[in-house]
Structure formats: structure tokens, C-alpha cells
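Asker: Following this message is one structure expressed as C-alpha cells.
The values are calculated or read from the model by the stated rules, or taken from the named source; none is laboratory data. Note that the structure is a prediction, hence the values are computed from the model and not measured. Note: ideal-geometry Cβ built from the backbone for every residue, glycine included; neighbour counts use all protein chains shown. Remember, those area values only see protein heavy atoms, side chains included, never the ligands or the DNA or RNA. Shrake-Rupley method; radii C 1.70, N 1.55, O 1.52, S 1.80 Å.
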Amino acid sequence: MNFFKQKLNYIRQYFSNILRPWSKQYSFSNRRQQVFQQAHSKIFQNHAFYRNLLLIGILSSYYHKQIVQCIEDDQIQKARKTIEIQINKMKKEFGTQMAAFPEIKYTTRGNWYVMEFIVDQRNCDLFQLFITAVTTLEKKDKSVFVFKNMQTAKDGNMLTLQIDFEEKKEKQNGRVYNKGTICVTGEMISDRPGFKFSIEKTEEISETDMEAVINVYRTAIQPQQHSFVKDRMKAAPNQFGSSDPKNQSKQKSQRDQQKERTDAINKLEELGVSVFLPDAKQINLDWDYLAGYEQQKRDIEDTVLLALQYPEIYDQITAATRMKQEPNRPKAVLFEGPPGTGKTTSAKIIAQQVSIPLIYMPLESIMSKYYGEAEKKFADLWEATKMLGKSIIFIDEIDAIAGTRDSEMHEASRRILSTLLRKIDSFESSSDVLLVCATNRKQDLDPAMLSRIDMSIKFEKPDVHSRQAIFKRYAKHLSEDQLRQLAENSENLSGRNISDICKDAERRWASKLIRKLVDQTVPDVDQYIEALHNRKYQNLA
Ligand SMILES: Nc1ncnc2c1ncn2[C@@H]1O[C@H](COP(=O)(O)OP(=O)(O)O)[C@@H](O)[C@H]1O
Ligand SMILES: [Mg+2]
């Protein structure tokens, strides 16, 4: 087999040099000339070769794949092996359903090694791919990396971006110049989102080249790390797969679903609503972020979080207890309590914990933005929300509306809220949408609306122990005694007030540091007490 392998290698080198596409683009390097001549002489000096060629022809039609593999260049074999290992790791990390893992093609064109794969331009920032490639390649230690030029070409819809580079490498037998190209090319039309990314190199595929391919691949497929759901949803169309079988058309292609979601998110954002994605990287947002409030956390965990995470268990219970199958999962939850007590934060934590997008609807701004046509806009909002599948709708500060003097607006918002609740009611059998409302003034809410709320969670102003815990969150360097002193002096303050006081103390301390009035880097307890008194004095608390 070695014999065939060698011959085939010569043929490959020979033909790829003659028939090389893009020959205009690349110069005929010295090494390529050598390879070409060597291949030429080896083929034509040996007559026995023709017999072998015939044999190979026959064999190759049977064992095409094996032969292609067996003539595969050592460099390519090594690269394929190394890169595949990393891709398998990514599959484990992101889960195979997360995104498509494109196949990498490894080929040679003349003395160029080519590694290429298709990326979905809707999922990744093409320019970021370049940056990833360049920053990885620049890291080569024993070589000098130089940009030669960057070209863009547009031919009809085809767009090509290309960076040429050169890499100077010191070897025992002198300096070697390796050339390379990073290229992205594809059609700029929305229904063909595939762009080809390629890295091409002369002479060798180095460890760094492989690393560049791996890094670019990772950048291309991994979910985007934005807290806004938009980009990530584009990347991961199935991550929040709708659990409503009616919405889920099996025949619908992944691309359609993806497009639908993107459209839905765009629509929602257009309507003044933010969509937040629970982002694994945003480590701050778990229950630890809110100090104290243990009972509230527990209530939310028991009734909301678990119901969202394990709907089937709740359904199993009702299936056994009820004459008529009906869910007992909460569909509408109210967070009530004075401002700054962590209601909005809790809703964000819930979304984070169950990996469900949170549709944040500041009702007042929507109402005033679309004054007069709010109900129609609301219908659009609702449609777009449904397209997202499983989600939490969070209507913040509904009291701002309830308390408004403008009776027309008040009336419209009341109608909207009851429409919303009725819609949620009609969603009987589905666990798709959880409505969370937050209010500072429960007493102002419409009784019809209140009756539809499954449960209400009270966020009181923190007691002295909670205040101490909250101070500790924002001033961890103080001793327990000092924290207690602050807590005892801050009766009636909310968590937000406390966080503001600590920020204020820090800022004032920073200015003292700059003016060299103090030398300790963290504010002392007196600074906090001063901030506390200032706040009381300003009547802000
Ligand atoms: N228990 C708490 N622990 C730590 N920080 C808190 C706490 N309660 C409130 N805060 C701070 O106050 C800010 C405002 O809270 P938020 O959730 O917006 O309150 P609400 O929605 O009830 O008005 C939070 O971002 C947080 O910094
Ligand atoms: Mg709030």
C-alpha cells in the first residue's frame, strides 16, 4: 500500500499544480516548483507506473474513501486528529442539540494546505472570526507574523474578505517564509446564511494554525455571550424549544424556526420590550445576590421555579387528584412590596435559574409610547411572545399605571392587564408562559385582576438582620460589629437605599484617596455612617 500511496501522492502533487484553481491569485513558489518537478520526473521515468495507475484506477473506484484517506498528507492527518478532539470536547460542552457543528474540510491545493468550514453568518460575527484567527496566529513564539494585506471583493451577491499574512520562521537551514490566507466568503442574501471560512497555509500546518482553526470554530458555533437573548437565540434555535405541540410543527425546518424566533425578538424589541436571556456566564445573578429574604426565596423556589423546571411532576399529581385534568402550576404571580426591595432582581434571577427568556415589559413606557393604540400593540406583543415558546413575561411596576391620574390611560391599561390575564387563563394546558407582575401598591390594583393571580409574594422592607446582611454584600471588609451598627442606624431603608449608600461612601472615599487625604484603599465605617446620615438629611431615604 505504501507504494500506491507514494505514487498517488506524486499524481496529486502533479495535477494539483497544473490544475490549480486560483492560480492567478497565488504565486508559483519555489517549493511548489520543486514539488512539481519532482512529481513530474517520478511519474514519467517509471513505466511500471502506468500499470499501477490502471490498478489504482480500478481499486480507487471501489475503495475511494480509504485511498483518499491513505494519501492524505501527514500534516493534514495530524491536524484532523488534533482538531477533531477539540470539536468533540465542544460537543460535550455545548451539547449536540445546541448548534450545528459544521464539518471541517482538509485539502491541499498545490503546496497550500486548506482547512475550511461553513459558518452561519446569523449566528456569529464574521469580523470576530477574523480577529480570533489573527490574534491566535500572532501568538506564534518562534516566528514573526506580518499582515500582508486585507482585501474585500464583491461580485454580485458574493462577498469575500481576505487577509494575507506571512510568517517568518527560523529553522536550522535558514529562514523560511510561510504564507497564509484567512478568508471568509459567502452570499449576502438572507436565505443563504452559510459563509465559508478558510485558513490556508503554505509549507506546514503548525500547532498555532490548528489552534487558530479551533478558536475560530469555537467562536463561530458557540452561543453568543450577550445578556440580550437575540443573538443567542439565533445561535441556538432549539434551546428553548416550544413545549406547546400545537406551535411546534415538526416539518418546519430549523431555519424557519430560527427565523421566526429572530423575528419575534426583533418585533418585541421594536415594541419597547427587552428580552433577557439567563446567561450562564453572568455569575452574579443567583439568589446569593439578594441578601436576606430567605422566606421569599423559598416561596419562589417552591412554587415558581420548581413548577417551571419540573412541570411534569406537577401534572402527574393533578392527574391523580383531579376529576378533570387541569394544571396547578402557577400562571400568574405577583411580587408586591415597596420600591427597591428586590422584586425586579428576583424576576431576573428566576429567568436565570430556569434558563427561560424573560420578557421585560415596563408597562408604563409601553403604554405611553403607544398612547391610544396600546391595545393593538399589546396584541402584537402577545403574538411575538407566543412565538418565543416558553417564557416569563415580567410586567414591572404596574402600579405606575394603576395610580395614574389620566383616567383614559388608566382605563386602557386596566383593560390590557385583564386581557393579558384572560389570555393566560386560556392557556390552561400549557406551561409556556408565566406572568410575573410587580407592584408597589397592591391596594390600587383591580380586584378582577387580583383574583386571577395564583400567588402573591410580599417583599417587605428588610429587618435589622437583613439590613446587616445587605450591608455585608456591599461592604464586605467591615466587621460584623460595624455592619450591625450600620444596620441599626438604617431603619426603614430598602435594599436599594443601602446599596446606594455604599456606592456613595465608595465614591467619596475615592475622591479622598485622589486628594491624598487618606491612604487606606477601602472606606472606613465612619465614611458609611456619614453617607447614611447624608442620605437621611437629604430625605432620600
Ligand atoms: N436584599 C438585597 N440584597 C442586596 N441588594 C439588594 C437587595 N434588595 C435590593 N437590592 C439592591 O437594590 C437594587 C434594586 O432592586 P430591585 O430588584 O430593582 O427592586 P424593586 O424591583 O423591588 O424596586 C438591586 O439591584 C440591588 O442592587
Ligand atoms: Mg423594580
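Asker: I need a count of the residues in segment 309-323 that are crowded, with 17+ Cβ neighbours inside 10 Å and either of a type in the set (Phe, Trp, Tyr) or at pLDDT 80 or above (or both).
Answerer: So the count comes out to 1.
Asker: Residue 204 fails exactly one of the following numbered conditions: (1) free of Cβ contacts under 8 Å to residues at least 60 places away in the same chain; (2) under 23 Å from residue 76 (Cα atoms); (3) outside any strand (DSSP E or B). What is the number of that condition?
Answerer: (1)
Asker: Still on this structure, I have one more. If I go through segment 303-339 residue by residue, how many of them are over 19 Å from residue 356 (Cα atoms) and either away from ligand 1 (no atom under 16 Å from the Cβ) or hydroxyl-bearing (Ser, Thr, Tyr) (or both)?
Answerer: Residues flagged as over 19 Å from residue 356 (Cα atoms) and either away from ligand 1 (no atom under 16 Å from the Cβ) or hydroxyl-bearing (Ser, Thr, Tyr) (or both) within segment 303-339 amount to 14.
Asker: Could you grab me the full set of residues in segment 103-128 that are within 18 Å of the chain's Cα centre (by Cα) and at pLDDT 85 or above?
Answerer: Correct list: 119 only.
Asker: One residue is enough: does segment 469-478 have a residue meeting the conditions surrounded by fewer than 16 Cβ atoms within 10 Å (Cβ to Cβ), modelled with pLDDT of 90 or more and either away from ligand 2 (no atom under 16 Å from the Cβ) or not acidic (Asp, Glu) (or both)?
Answerer: yes
Asker: OK, next. Which one of these is modelled with pLDDT under 85, assigned by TED's automatic domain parsing to the domain that holds residue 86 and part of a strand (DSSP E or B): 179, 196, 140, 169?
Answerer: Result: 169 is the single residue among 179, 196, 140, 169 that is modelled with pLDDT under 85, assigned by TED's automatic domain parsing to the domain that holds residue 86 and part of a strand (DSSP E or B).
Asker: Another question, if that's okay. State which residue is most open to solvent (accessible area, probe 1.4 Å) when the search covers only segment 154-195 and only residues that are in contact with a strand residue (DSSP E or B) (Cβ under 8 Å, 6 or more places away or on another chain) and polar (S, T, N, Q).
Answerer: Within segment 154-195, the match that is most open to solvent (accessible area, probe 1.4 Å) is 157.
Asker: Tell me, which residue of segment 291-307 that is open to solvent by less than 20 Å² (accessible area, probe 1.4 Å) and more than 16 Å from ligand 2 (Cβ to nearest atom) is nearest to residue 474 (Cα to Cα)?
Answerer: Top of the filtered list is 291.
Asker: I need the full set of residues from segment 455-468 which are touching a Lys or Arg at 6+ places or on another chain (Cβ under 6 Å) and either more than 16 Å from ligand 2 (Cβ to nearest atom) or open to solvent by 30 Å² or more (accessible area, probe 1.4 Å) (or both), in order please.
Answerer: If the condition is that a residue be touching a Lys or Arg at 6+ places or on another chain (Cβ under 6 Å) and either more than 16 Å from ligand 2 (Cβ to nearest atom) or open to solvent by 30 Å² or more (accessible area, probe 1.4 Å) (or both), then 468 is the only one that fits.
Asker: For segment 324-350, give me each residue that is touching a Phe, Trp or Tyr at 6+ places or on another chain (Cβ under 8 Å), away from ligand 2 (no atom under 11 Å from the Cβ) and open to solvent by less than 40 Å² (accessible area, probe 1.4 Å).
Answerer: 327, 329, 331, 336, 349
Asker: Sticking with this one: Mind listing whichever residues of segment 487-501 are part of a helix (DSSP H, G or I) and open to solvent by less than 60 Å² (accessible area, probe 1.4 Å)?
Answerer: 487, 495, 497, 498, 499, 500, 501
Asker: Has segment 476-491 got at least one residue that is within 11 Å of ligand 1 (Cβ to nearest atom), over 28 Å from residue 303 (Cβ atoms) and outside the structural domain of residue 299 (by TED's automatic domain parsing)?
Answerer: Taking every residue of segment 476-491 in turn, none turns out to be within 11 Å of ligand 1 (Cβ to nearest atom), over 28 Å from residue 303 (Cβ atoms) and outside the structural domain of residue 299 (by TED's automatic domain parsing).
Asker: Looking at segment 421-443, is at least one residue over 23 Å from residue 399 (Cβ atoms), away from ligand 2 (no atom under 16 Å from the Cβ) and outside any loop (DSSP other than H, G, I, E, B)?
Answerer: yes
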